[in-house]
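Here's the structure we're looking at; comments come further down.
The values are calculated or read from the model by the stated rules, or taken from the named source; none is laboratory data. Because the structure is a prediction, the values reported are computed rather than measured. Cβ placement follows ideal geometry from the backbone for every residue including glycine, while neighbour counts extend to all protein chains displayed. The accessibility values were calculated without ligands, DNA or RNA, using every heavy atom of the protein model including side chains. Shrake-Rupley method; radii C 1.70, N 1.55, O 1.52, S 1.80 Å.
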Amino acid sequence: MWVVKIGGSLGEHPTLREWLGHSVRAGRGRVVIVPGGGRFADQVRWAQEHWKFDDRIAHHMALLAMHQYGLVFQGLEPSLKNARIDQIDNLLRQGETVVWLPELKELNRAGIPADWTVTSDTLAAWLAGKLHAERLVLVKSGHSTGIDPTDLKKSGLVDAAFLDWLPPHVALDCYHRSQADQFAERLRHAGMES
């Protein structure tokens, strides 16, 4: 199974449809998509700055931003199945491609900090470990110099908590938004091997 985090920065870019389409066609029964927050999370940041409420409230709102972006995904690819964590395995067994909608209670139980050190990158890393995924794929608009997690953090392409939550057994890939075809080819090849 692959966990594929699609960054919010793709929310206004035409390649978003490609990434979702490839995930559905090549990843049935094997892909769980984690939505970023995109413009929805930007609104949370604005509201917190304007109204000065605490990070705990902003964190909850940012999770809802991920839900909204996940609904956009389903609007673009209606065959995607939105799911809570306890529904994922069953949907994958049915051959579906899943979009994870994180729940505050689940993340609180896991001890994930409710502040801006954690974004959808860290949540995707945590989910990959929780689901025993073989691979975590980060889809970004920024270029990375490699897939070394420390380099990704230094370059600012992942959040501050990412390295703390990335399981050592999960392989990591980072793709630029322009590399949807390369991702699809690798995903198809991995499917033939399994």
So which lysines can residue 130 reach, going by Cα to Cα under 26 Å and dropping same-chain residues fewer than 8 places off?
-> 5, 81, 105, 140, 153, 154
Using θ = phi - 60° and the Karplus curve 6.51 cos²θ - 1.76 cosθ + 1.60, what whole-Hz ³J(HN,Hα) does each residue of region 173-190 get, with Gly and Pro shown as x?
-> 10, 10, 10, 6, 4, 7, 9, 4, 5, 5, 4, 4, 5, 5, 5, 4, 4, 5
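If you put +1 on each Lys and Arg Cβ and -1 on each Asp and Glu Cβ, how big is the dipole of region 1-59 around its Cα centre, in Debye rounded to 20? List each step's numbers first, then the result.
On the way: 9 positive and 6 negative charges, 71 e Å.
Computed charge dipole of region 1-59: roughly 340 debye.
Tally Lys and Arg at +1 and Asp and Glu at -1 over the other residues with C-beta under 15 Å from the C-beta of residue 12: what net charge comes out? It would help to have the intermediate numbers written out before the result.
On the way: positive: 17, 39, 140, 177; negative: 18, 42.
Local charge sum for residue 12: +2.
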Given a 1.4 Å probe, the accessible area of the chain per residue, as a whole number of Å², is 48 Å²
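State to the nearest 20 debye the size of the charge dipole of region 88-194 about its Cα centre, where the only charges are +1 on K and R beta carbons and -1 on D and E beta carbons.
Details: 11 positive and 15 negative charges, 10 e Å.
So the dipole magnitude of region 88-194 works out to roughly 40 debye.
Provide the gained length on full extension for the span residue 89 to residue 164, in nm with one decimal, where the gain is 0.36 nm per separating residue minus the Cα-Cα distance.
24.5 nm
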If you take the beta carbon distance between residue 57 and residue 17 as r and set R0 to 22 Å, what does 1/(1 + (r/R0)^6) give as a FRET efficiency, to the nearest 0.05?
-> 0.10
What nm value, rounded to one decimal, do you get for the distance between residue 147 and residue 50 when each label is placed 7 Å out toward the C-beta?
-> 4.1 nm
Relative to the longest principal axis of the chain, what angle (0 to 90°, nearest 10) does the C-alpha long axis of helix 38-51 take?
-> 10 degrees
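Would you mind telling me the share, in percent, of accessible area of region 79-175 contributed by carbon and sulfur at probe 1.4 angstrom?
Details: 2150 of 4390 Å².
The value for region 79-175 is 49 percent carbon and sulfur by accessible area.
As an exercise, identify the chymotrypsin sites (Phe, Trp or Tyr not before Pro) in region 4-86 lying in DSSP coil whose Cβ has no more than 14 other Cβ atoms within 10 Å.
Details: sites: 19, 40, 46, 51, 53, 69, 73; in loops: 53.
Here the sparse-neighbourhood loop sites are 53.
Sort 157-167, 82-92 by packing, meaning the average of other beta carbons within 10 Å per residue, with the highest value first. If you can, show how the numbers build up before the last one.
Working: 157-167: 19.1, 82-92: 15.7.
So the order, starting with the most tightly packed, is 157-167, 82-92.
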With no solvent term and unit scatterers on the alpha-carbon positions of region 47-194, Debye gives log₁₀ I(q)/I(0) at q = 0.13, 0.16, 0.17 Å⁻¹ of -0.66, -1.03, -1.17
